[in-house]
Amino acid sequence: MTTPSGGEYVHGTHRSEQERLSLMNKILNERTLAELAIREGDHVLDIGSGLGQMSIAIARRAGTGGRVIGVERSSEQIEKAVAAFRVSGLGPRQIDFRVGDATEPPLLPGESGSFDVCFTRFLLEHVPDPLAVVRRMVQAAKPNGRIVLADDDHELLKLHPEPSGFTEVWRAYIELYRRNRNDPMVGRRLVQLLHQAGATPTRNTWVWFGACSGNDMFEPVVNNLAGVLQGAAPRLEAEGLVDGEAMQYLCGVTLPEFAQRPDAAVWFAMSLSEGVKPAQ
C-alpha cells in the first residue's frame, strides 16, 4: 500500500514488506470481515486495497451479485492483486482493481454516491489529511450507505515481559509518523473523522490483534511486529531516531527470543468505527 499525495508509507513496497502484509492479512482478515458484516449483493469501495487479499475476501461475502472496487496507488501492488484475483475463482465482474489516489479515487460516472459500503484499513495513519480521505468515502457512499474505518492507535501496544530496548524503539517509530506529518494515534479519532466528514457515527469497537505463548498466532504476531520495525528501520536510522545495530539486534535476536518464551504475551487492537451517510 502507498498513500495519497503528500503522505509517505515508511515501510516501502519491497518483497519483505509485501510478505509482512500478507501475514497481517492472514491474521486479521476473518476478524475484520466479521465486523464488516458484508451482505449478499453489496457494492463495496475498498480504499487502499494493497495486495488485494481483503478485497477478494469481501467479494466472496458479497457473492455474484456484489461488486468490489479496490483502489490502490501502487501499480506494483495492483499487479499482484490482479494476479491473486485471477486465481481466486471469482467472476470477472466481482472485483475491479484500479490504480488511484485515496483522495481522488478513479470512479466512473454514476459510481460516486452508489456504494453500500466504503471501507479502508491501515491507510489513515499514513496520510497527513485523513479527513480528506474520509470525506471522499462519504461522498462515494449511497444515502444510508455504511462507511467503515479501521486503523491503529500505536499507544495501545503492550508486550510482557517487555523485551529489552523495545519501548525506546517503539517510541522512535511513533515519532517517525509525526515527522512525516501523519498521526500514529489516528485510531482514537475515527468516530470524530466520521462526524467531521458528514457521516453519522453508529459504532465503535476494536478488532483484537494480540496473542500469547501457546497460541498458534503468537509467533506470527511477533514476526509481524518485527517486520514493521525492520521495514521502518532505514528511515528511523536516517532520521537519527535509532541505532542501527541496536535495531538489528532487537529484530533479529530479542523479538525472536521473546516469541519463544512460555510466559510471553502481546496486547494490541485495531480500532474500527462505522458511520452511515445521511439520507438525502
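Checked against the criterion of being closer than 30 Å to residue 138 by Cα and touching a helix residue (DSSP H, G or I) at 6+ places or on another chain (Cβ under 6 Å), the range 247-263 contains not a single residue that satisfies it. Looking at the range 150-164, can you tell me whether even one residue there is more than 16 Å from the chain's Cα centre (by Cα), at pLDDT below 95, assigned to a loop (DSSP other than H, G, I, E, B) and closer than 30 Å to residue 256 by Cβ? No, the range 150-164 contains no residue that is more than 16 Å from the chain's Cα centre (by Cα), at pLDDT below 95, assigned to a loop (DSSP other than H, G, I, E, B) and closer than 30 Å to residue 256 by Cβ.
Please specify each residue of the range 160-206 satisfying the condition of being among the charged types (D, E, K, R) and buried (at least 17 other Cβ atoms within 10 Å of the Cβ).
Initial filter on the range 160-206 (among the charged types (D, E, K, R)): 162, 168, 171, 175, 178-179, 181, 183, 188-189, 203.
Answer for the range 160-206, where residues must be among the charged types (D, E, K, R) and buried (at least 17 other Cβ atoms within 10 Å of the Cβ): 183, 189.
Please go through the range 210-225 and give me each residue that is touching a Lys or Arg at 6+ places or on another chain (Cβ under 8 Å) and either among the acidic types (Asp, Glu) or not in a helix (DSSP H, G or I) (or both), ordered by number. Matches in the range 210-225: 213 only. Take the residues in the range 126-147 that are in contact with a helix residue (DSSP H, G or I) (Cβ under 7 Å, 6 or more places away or on another chain) and buried (at least 24 other Cβ atoms within 10 Å of the Cβ); name whichever of them is farthest from residue 202 (Cα to Cα). Ranking the qualifying residues of the range 126-147, first place goes to 127.
Taking (1) over 18 Å from residue 123 (Cβ atoms); (2) in a helix (DSSP H, G or I) in turn, residue 190 satisfies each apart from (1). Screening the range 39-77 for residues that are among the hydroxyl-bearing types (Ser, Thr, Tyr) and crowded, with 24+ Cβ neighbours inside 10 Å and picking the one that is farthest from the chain's Cα centre (by Cα) gives 55. Scanning the range 81-118 for residues that are of a type in the set (Phe, Trp, Tyr) and in contact with a Ser or Thr (Cβ under 9 Å, 6 or more places away or on another chain) yields 85, 97. If you filter the range 165-187 down to residues that are not in a helix (DSSP H, G or I) and not charged (D, E, K, R), you find that the one that is farthest from the chain's Cα centre (by Cα) is 165.
No other residue among 54, 137 is in contact with a Cys (Cβ under 7 Å, 6 or more places away or on another chain) and closer than 24 Å to residue 34 by Cα apart from 137. Only one of the numbered conditions (1) touching a residue at least 24 places away in the same chain (Cβ under 8 Å); (2) more than 19 Å from the chain's Cα centre (by Cα) is violated by residue 190, and that is (2).
Contact map, the range 258-280: first residue under 30 Å from residue 118 (Cβ atoms) and touching a residue at least 60 places away in the same chain (Cβ under 8 Å), second residue part of a strand (DSSP E or B) and of a type in the set (Ser, Thr, Tyr), Cβ cut-off under 7 Å, separation 6 or more or different chains; pairs are 272/205; 274/202; 275/200; 275/202; 276/200; 276/202; 278/200.
All but one of (1) touching a helix residue (DSSP H, G or I) at 6+ places or on another chain (Cβ under 7 Å); (2) part of a loop (DSSP other than H, G, I, E, B) hold for residue 65; state the number of the condition that does not hold. Evaluating residue 65 over (1) touching a helix residue (DSSP H, G or I) at 6+ places or on another chain (Cβ under 7 Å); (2) part of a loop (DSSP other than H, G, I, E, B) leaves (1) as the failure.
The values are calculated or read from the model by the stated rules, or taken from the named source; none is laboratory data. As the structure is a computational prediction, the values presented were derived from the model and not from experiment. Cβ coordinates were reconstructed from backbone atoms using ideal geometry, including for glycine residues, and neighbour counts include every protein chain displayed.
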